[in-house]
Amino acid sequence: MENHQITVTSPLLPDLNEFNERLKDIWDSKWVTNNGKYHRQLEKELADYLKVPYVCLFTNGTLPLITALQAMRITGEVITTPYSFVATTHSLWWNGIKPVFVDIDPNNCGLDPEKIEAAITPKTTAIMPVHCYGKPCDMDGIQNVADKYGLKVIYDAAHAFGVEVDGKSVLEYGDMSTLSFHATKVYNTLEGGALVVKDEKMKQRIDYLKNFGFAGETEVIAPGINGKLDEVRAAYGILNLRQVDMAIAARCQVAIRYRETLRNVDGVSFFDDIPGIRHNYSYFPIFIDAKKYGMSRDELYFKMREQNVLGRRYFYPLISTFSTYRGLESSKWENLPVAQRIAEQVICLPMHHGLSEEDIAKVISCIVK
Ligand SMILES: *Cc1c(COP(=O)(O)O)cnc(C)c1O
């Protein structure tokens, strides 16, 4: 067992026999994609599970971001966070939109609403925040700024599957929210994603856009894209939805173990659960204060690797430091001090439904001295 690797995540996989039965059904029907019965069923089941009116499935979690911007004709400049996975900012670039980075709030690692206003220009049309680690952003604060300036809000909720505040889904906030069902996420369809929208008209528009803009056999209403999810992954998704609550409960137990053993380690901090929020435990970030801990984040990170404990530095480096974006005015380090500091301190510990008691103990032993 000494050499067994403990990975940061592990895909939640449906029962293979049950999946094979669905495959047989798909083979028999010969309907393998283009809004088939499993696709329709999964859209409905997800809307129920997530407590949202409309879900539009996609073949990954990046196309819903790109398509949301197209659907609402967002142009010019969009305010966003440098502390995310690159897809967030890339979706703006692919739409010819200039990303404007704003610093984050250290209490949730999401956009700091108090810093948004100063970044607004006449060209600003929208805000694209991220519910980082599935921790809800200050959604009221963000909406207040958006309303004052007439901006749209598109949440990248790739981490926030199933997260609720006082019984209400975080996906209901803003104008639209996107999800990723990539294999590394809490809920997965291997690759996949969704756009959550508020009304039937927008659902229709998104369904056209993700199918090349076809609104009928011979009518194309917009330069759409191919974003469709196939029947095989939709069927897989239906099976996985039945066990996602089990996976979240298992992750919760891991979080409890990490917290009870790391709480008194000097120089190590982490987030606690917030009353009223249904958390999904998608990630377990810890933050290393090198002076107090007596070792830098990177030293700890590589020490863990040596012992086959594979944490991840999510999110490091900041998106604003990559070659495409580092020339932007808003990428200057003086503009993003909180994000810079957190990016230098963070390690996401292994967090998934399949971690054993020994795995957890081994992760902890790397950190507790
Ligand atoms: C995973 C992720 C995406 C992209 O999703 P894919 O399904 O991999 O395309 C976008 N944003 C964030 C914050 C993510 O973590």
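The values are calculated or read from the model by the stated rules, or taken from the named source; none is laboratory data. What you see is a predicted model, and the numbers here were worked out from it, not measured in a lab. Ideal geometry is used to build each Cβ from the backbone, glycine not excepted, and the neighbour counts take in all protein chains shown. These area figures cover heavy atoms from the full protein model, side chains too; ligands, DNA and RNA do not enter into them. Shrake-Rupley method; radii C 1.70, N 1.55, O 1.52, S 1.80 Å.
Per the Debye calculation on the stretch 198-277 with a single equal scatterer at every Cα and no solvent contribution, log₁₀ I(q)/I(0) for q = 0.11, 0.20 Å⁻¹ amounts to -0.62, -0.94.
Solvent-accessible area of the stretch 244-367 (1.4 angstrom probe, protein heavy atoms only): carbon and sulfur portion equals 51 percent. Report the gain in length on full extension from residue 31 to residue 44: 0.36 nm times residue separation, minus Cα-Cα distance, nm rounded to one decimal. Gain on extension, residue 31 to residue 44, equals 2.8 nm. For the stretch 140-236, the list of GluC sites (Glu not before Pro) that fall in a loop by DSSP and count at most 11 other C-beta atoms within 10 angstrom reads 217, 219. Between residue 217 and residue 321, the contour length at 0.36 nm per residue exceeds the Cα-Cα span by 32.9 nm. For the stretch 7-85, a/c is not less than 1.5, where a ≥ b ≥ c are the root eigenvalues of the C-alpha gyration tensor, and a/b tops b/c. That puts it in the prolate class. Within the accessible surface of the stretch 16-241, defined with a 1.4 Å probe on protein heavy atoms only, the carbon and sulfur portion equals 53 percent. Fraction of C-alpha pairs exceeding 16 angstrom in the stretch 304-369: 58 percent, rounded to a whole number.
The residues of the stretch 302-369 present an accessible area of 49 Å² per residue when probed at 1.4 Å with all protein chains retained. Over the stretch 244-367, the reciprocal of the mean inverse Cα-Cα separation, the Kirkwood hydrodynamic radius, stands at 15.8 Å.
How much accessible area per residue does the stretch 16-241 have, counting only protein heavy atoms and a probe of 1.4 Å, in square angstrom?
41
Rounded, prolate or oblate: which fits the chain when a ≥ b ≥ c are the square roots of the eigenvalues of the alpha-carbon gyration tensor, with rounded for a/c under 1.5 and prolate only if a/b beats b/c? Verdict is oblate for the chain. Positive end of the dipole of the chain (Cβ unit charges, origin at the Cα centre): among 157, 325, 57, the Cα lying farthest that way belongs to 325.
About its Cα centre, the dipole of the chain is roughly 460 debye, where the only charges are +1 on Lys and Arg Cβ and -1 on Asp and Glu Cβ.
Estimated from helical segments only, the mean residue ellipticity of the chain at 222 nm is -10500 deg cm²/dmol, where each DSSP H run of four or more residues counts as -39500 (n - 2.57). Annotation for the stretch 56-93 versus the stretch 322-369: alpha-carbon center distance of 22 Å.
Relative contact order, whole percent, for the stretch 93-219 stands at 15, derived from Cα pairs under 8 Å and 6 or more residues apart. When the Gaussian network model of the chain links Cα atoms closer than 10 Å, the mean-square fluctuations of 56, 132, 252 top out at 252. Taking 7 Å steps out from each Cα toward its Cβ at residue 20 and residue 357 produces label points 3.3 nm apart.
What do you get for Rg/Rh over the stretch 196-245 if you use C-alpha atoms and the Kirkwood form of Rh?
The Rg/Rh ratio comes out at 1.11.
For the chain, taking a cut-off of 4.7 Å between Cβ atoms, the unpaired cysteines are 56, 137, 252, 348, 366. Hydrodynamic analysis of the stretch 79-227 uses the Kirkwood radius over alpha carbon pairs. Inserted into Stokes-Einstein at 37 °C and 0.692 mPa s, it gives a translational diffusion coefficient of 202 µm²/s.
Which value in Å does the Kirkwood hydrodynamic radius of the stretch 15-172 take, with 1/r averaged over all unlike C-alpha pairs and then inverted?
Every distinct Cα pair counted, the radius reaches 17.2 Å.
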